[in-house]
Amino acid sequence: MEKIIITGRDITLESLIQVSRHHATVELSSEAIKEIKESRKVVDYFVKKEETVYGITTGFGKFSDVVISEKDTAKLQENLIITHAVGIGRDFKEEISRGVMLLRVNNLAKGFSGARLKTVDTLVQMLNKGVTPLIPEKGSLGASGDLAPLAHMVLVMIGRGYALYKGEKLKGAEAMAKAGIETITLSAKEGLALINGTQVMTAVGGIALYDAKQLMAVADISAALTMEGLRGIIDAFDDRLHQVRPHKGQINTAANIRKILKNSELITHQDELRVQDAYTLRCIPQIHGASKDSLEYIEKKVIIEMNSVTDNPIIFKDDLEVISGGNFHGQPMALIFDHLKIALAEIANATERRIERLVNPQLSGLPAFLTKKGGLNSGFMITQYSAASLVSENKVLAHPASVDSITSSANQEDHVSMGTIAARQALEILENVQNVVSIELYAACQAIDLREEKGLGEGTQIAYNEIRKVIDFLEDDRELKYDMDASIELIKSEKLLNAVENKIGTLYKN
């Protein structure tokens, strides 16, 4: 696995996943090191001059008019971290905390924040040596950045808080010592430079977005299997039809379905068995494609944010000027992660309706609930209940978090984004959608087997084979929970998608 060179400009969704999920190592570029050092010189200049500069020689938020002396600047930064580390609830998964650290390093590497090189390098070492701060999920308003969760990240850097190290939960100082990383004493501006920004919401939403892109391709595979299980009509996927309404996602989805179903003997043509299919079959390109177009837009915004300066105040070293602004405000991410929630929820809405068509004998022409011995056996009856439950839950979670705002810091911060809540909800919806798609995958395989007709498409045959490696045909009732677990693992591990793409080529995800 290649080392990720951090420049402040080049983080992508793929590099985010390489570092956060697959533990790729990172290194600051020589240019980034130079920018960090030059930025720090400006901070030291203002501290020595004892000029009034927000966040460097003053308090924070409502206390921005309180001047802090040079001798108290280190204590000011430590107090900032200790008092802001008030996160609530269970901790983020390790991959999310690693993503947060990566994005914070990338932000500091741009050289507009004034942190010392030693401080930035501490985060780099933590990433490379596997010290992962335990960061509570809740407590961020997403306005002055992700203050509370980022403060928990910094606690470990100063020898406080808790961290994971080699799978063990340890006190921060102990984890750092075992990894051979020296803890730091924060200097002027550094506490604020480390916690004022949108890196938590962006890491959570960015990881959710990456997985959502992979899921979009799996949803096309799953829908194609259902097309075969229900003897769907392929004419609705004719490229000419989609070129006259040229939305990119729609065109690409239709192309995916044709590619996956190439040479299938189970699909039909219009007027062969029926004139038209129901919308969740006939309109797969329009439904899935609209969500893919949304993801493409969302990705552009996330890439901008991952490579932006979201600190405050921002140091312009060439002009020897420090400007206090609002780049920490999470509104740009709040809106797009609410958009991501809706785009994902719609995939589950359509998928669950296809599951209903598979299990309903009045719609499928197959045995009720996909079992040969109905009555004695319930077959797939309750899997549709589970899917319906997740779809309903998604409708609640998809309510936009960004339309809410609560004032904070004695009304100094009188509008907040709730972007971190939006990102967390997007991740929760994603997991629900993955589970709904996993149910369709193996329900469709059951339907195909009940037809006792083979001749699957080039892509669906591979998908069917992968599913049947871990899930047997349901002859008699058994604990389907374990089948569901096996199916969802095929999605999350990307094993199913990789197997299909290795056979038929890369599928469109945008």
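Quick note: the coordinates plus some simple rules give every number you see, no bench work behind them. Since we're looking at a predicted model, the values are computed, not measured. Cβ placement follows ideal geometry from the backbone for every residue including glycine, while neighbour counts extend to all protein chains displayed.
Once you've got the Cα coordinates, tell me which of 301/481; 171/395; 3/300 are over 28 Å apart. From the list (301/481; 171/395; 3/300), the Cα-Cα distance tops 28 Å for 301/481; 171/395.
Between residue 72 and residue 248, the distance separating the two model label sites (each 7 Å from Cα on the Cα→Cβ line) works out to 5.4 nm. Extending 7 Å from Cα along the Cβ direction at residue 2 and again at residue 479 yields two label points whose distance is 4.5 nm. Mean residue ellipticity at 222 nm, helices only, the chain: -18500 deg cm²/dmol; runs of at least 4 DSSP H residues each add -39,500 (n - 2.57), and the sum is divided by the number of residues. In summary, the convex hull built on the alpha carbon positions of segment 4-197 has an orientation-averaged projected area of 10.1 nm². Taking a sphere under 15 Å around the Cβ of residue 311 and counting the other residues whose Cβ falls inside, with K and R at +1 and D and E at -1, yields a net charge of +1. Working from label points 7 Å from Cα in the Cα-to-Cβ sense, the residue 385 to residue 183 distance is 5.2 nm. For segment 198-291, a Kirkwood radius taken over Cα pairs fed into Stokes-Einstein (10 °C, viscosity 1.306 mPa s) yields D = 112 µm²/s.
Reported to the nearest whole Å, the Cα centre-to-centre distance from segment 230-300 to segment 82-121 is 43. Can you tell me the length gained on complete extension of the stretch residue 502 to residue 363, counting 0.36 nm per residue apart and subtracting the Cα distance? Here the answer is 46.6 nm. Short to long, the 5 Å bins of the Cα pair-distance histogram for segment 102-251 hold 2, 8, 14, 15, 14, 9, 6, 5, 6, 7, 7, 4, 2, 0 percent of all pairs.
Counting neighbouring beta carbons within 10 Å and listing from fewest to most, the residues 244, 416, 204 come out as 244, 416, 204. Considering every alpha-carbon pair of segment 409-510, the percent of pairs per 10 Å bin, from zero through the bin containing the longest distance, is 13, 36, 26, 11, 7, 5, 2.
Note on residue 373: aspartates and glutamates with a C-alpha under 20 Å away, same-chain residues under 8 apart excluded, are 356, 449, 452, 453, 472, 475, 476, 477, 479, 483.
Screening the chain for whole DSSP H helices of 24 Å or more along their axis (Cα) with average Kyte-Doolittle hydropathy at least 0.5 returns 199-229.
Most exposed first by the Cβ proxy, i.e. fewest other Cβ within 10 Å, how do 484, 333 rank? Listed from fewest to most nearby Cβ atoms, that is 484, 333.
Roughly how many Å is it from the Cα centre of segment 181-227 to that of segment 319-360, as a whole number? Using only Cα atoms, the two centres lie 12 Å from each other. Considering only alpha-carbon pairs that sit under 8 angstrom and 6 or more positions apart, the relative contact order computed for the chain is 17 percent.
Each of 475, 466, 228, 305 was scored by other Cβ atoms within 10 Å of its Cβ. Arranged with the fewest first, they read 475, 466, 305, 228. Cα-Cα pairs above 40 Å in the chain: how many percent? Here the long-distance tail beyond 40 Å is 31 percent of all Cα pairs in the chain.
Give the shape of segment 458-503 as rounded, prolate or oblate, defined through the alpha-carbon gyration tensor: a ≥ b ≥ c are the square roots of its eigenvalues, a/c under 1.5 means rounded, and otherwise the shape is prolate if a/b is larger than b/c and oblate if not. Here segment 458-503 falls in the oblate category.
Take every Cα pair under 8 Å in segment 115-204 that's 6+ residues apart, average their separations, divide by the length, and report that relative contact order as a whole percent. Before the final figure, lay out the partial values.
Working: 140 pairs, mean separation 30.1, N = 90.
Reported as a whole number, the value is 33 percent.
Treating each Cα of segment 254-356 as one equal point scatterer and applying the Debye formula with no solvent, the log10 of I(q)/I(0) at q = 0.11, 0.15, 0.18 Å⁻¹ comes out as -0.56, -0.79, -0.97.
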